[in-house]
1. Kindly indicate whether residue 166 is within 30 Å of residue 237 (Cα to Cα), at pLDDT 80 or above and in contact with a helix residue (DSSP H, G or I) (Cβ under 6 Å, 6 or more places away or on another chain).
2. Out of everything in region 52-67 that is closer than 23 Å to residue 34 by Cα and in a loop (DSSP other than H, G, I, E, B), what residue ends up being farthest from the chain's Cα centre (by Cα)?
3. Out of the residues in region 253-291 meeting the condition of being in contact (Cβ under 8 Å) with a residue 40 or more places away in the chain and assigned to a strand (DSSP E or B), tell me which one is surrounded by the most Cβ atoms within 10 Å (Cβ to Cβ).
4. Counting only residues that are exposed (fewer than 12 other Cβ atoms within 10 Å of the Cβ) and touching a residue at least 24 places away in the same chain (Cβ under 8 Å), how many does region 220-245 have?
5. Among (1) surrounded by 13 or more Cβ atoms within 10 Å (Cβ to Cβ); (2) within 30 Å of residue 25 (Cβ to Cβ), where does residue 115 come up short?
6. Please indicate, with yes or no, whether at least one residue in region 68-86 is out of contact with any helix residue (DSSP H, G or I) (no Cβ under 9 Å at 6 or more places or on another chain) and part of a helix (DSSP H, G or I).
7. Can you tell me which residue in region 34-54 is surrounded by the fewest Cβ atoms within 10 Å (Cβ to Cβ), limited to those that are in contact (Cβ under 8 Å) with a residue 40 or more places away in the chain and touching a helix residue (DSSP H, G or I) at 6+ places or on another chain (Cβ under 7 Å)?
8. Can you find a residue in region 16-33 that is over 20 Å from residue 129 (Cα atoms), part of a loop (DSSP other than H, G, I, E, B) and either touching a residue at least 40 places away in the same chain (Cβ under 8 Å) or touching a strand residue (DSSP E or B) at 6+ places or on another chain (Cβ under 7 Å) (or both)?
């Protein structure tokens, strides 16, 4: 990291003028901006009105000594972060400890060595420069993330409604215009358009929820919920989509399975798992959805008998850094966002998400949430 020394001001505080002049010459030769003060109060007054990056502070001064000046600096929020290098002839352990307790960043013994002085000064300036660079990069990153989240939210929110309307229209057309009426080719085009619209709608819904969760606008509002009611409601939404691939959804219920969770998050998790099961299932197969009690948790599983996941793919799944996704059995495209959202939502409800899969055989995804507590 290249440091432009002329951008940094060093305040020299010493009651001995010869020391001040020597330090000033040495540091001016290195292109630093230099300010001077002959006592502690003068130094504090100067820092109240002028920006200072580093203070070279003599310890033994009349009136207010260097330790007292440093303590006052550290007590003032405006000067607390300015590093202090003590210039002192004191070298006992107790004096060094006292100096660090007063806020010292470093010590230089008198009489000082020119090379040592410059190295210690440059070390502190390098730390300042690195801290400022990190702060700048952090601010830029925050602005970038904020802008990205706003963009995602606007895109998802503004597109979700019209895409939802298109989805409904395509569903109605497919129900009322069978292949024998409009021809196989047109029916396939209509089916393809319906698949694409379903995928886009699901992606926008996930994107909207993911953005809200990342910027802290989506909190878990937990209440007592009947798991079967949630699953039944989500399955009903997928009746038409599953029928297009001739997939039968089989429910294995446990009546009265009450949990304490956020209903919207639970619906989102269930929707994503069933959607994925349909996406990665072959035609004329089935999906088994099971609900059961295990200890103090309710466990819901969604099992398909489709293409399964390779061992390499399983290692990448559910990790934000890999963002793994594959195409479905009808080339349905996935974003990889749905399962990450499921994992986060389940965790927010004090549960966990896991899976079992074998390539060519199928996959089973599980999630758990706490049962209702008996009062």
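The values are calculated or read from the model by the stated rules, or taken from the named source; none is laboratory data. Predicted model, so just to flag it, every value in this text is computed and none were measured. With ideal geometry, Cβ positions are generated from the backbone for all residues, glycine too; neighbour counts draw on all protein chains shown.
1. Here the answer is yes, as residue 166 does meet what is asked.
2. By that ranking, first place goes to 62.
3. 261
4. 2
5. With (1) surrounded by 13 or more Cβ atoms within 10 Å (Cβ to Cβ); (2) within 30 Å of residue 25 (Cβ to Cβ) applied to residue 115, the lone miss is (1).
6. yes
7. Checked region 34-54; the qualifying residue surrounded by the fewest Cβ atoms within 10 Å (Cβ to Cβ) is 53.
8. Yes, the conditions are met somewhere in region 16-33.
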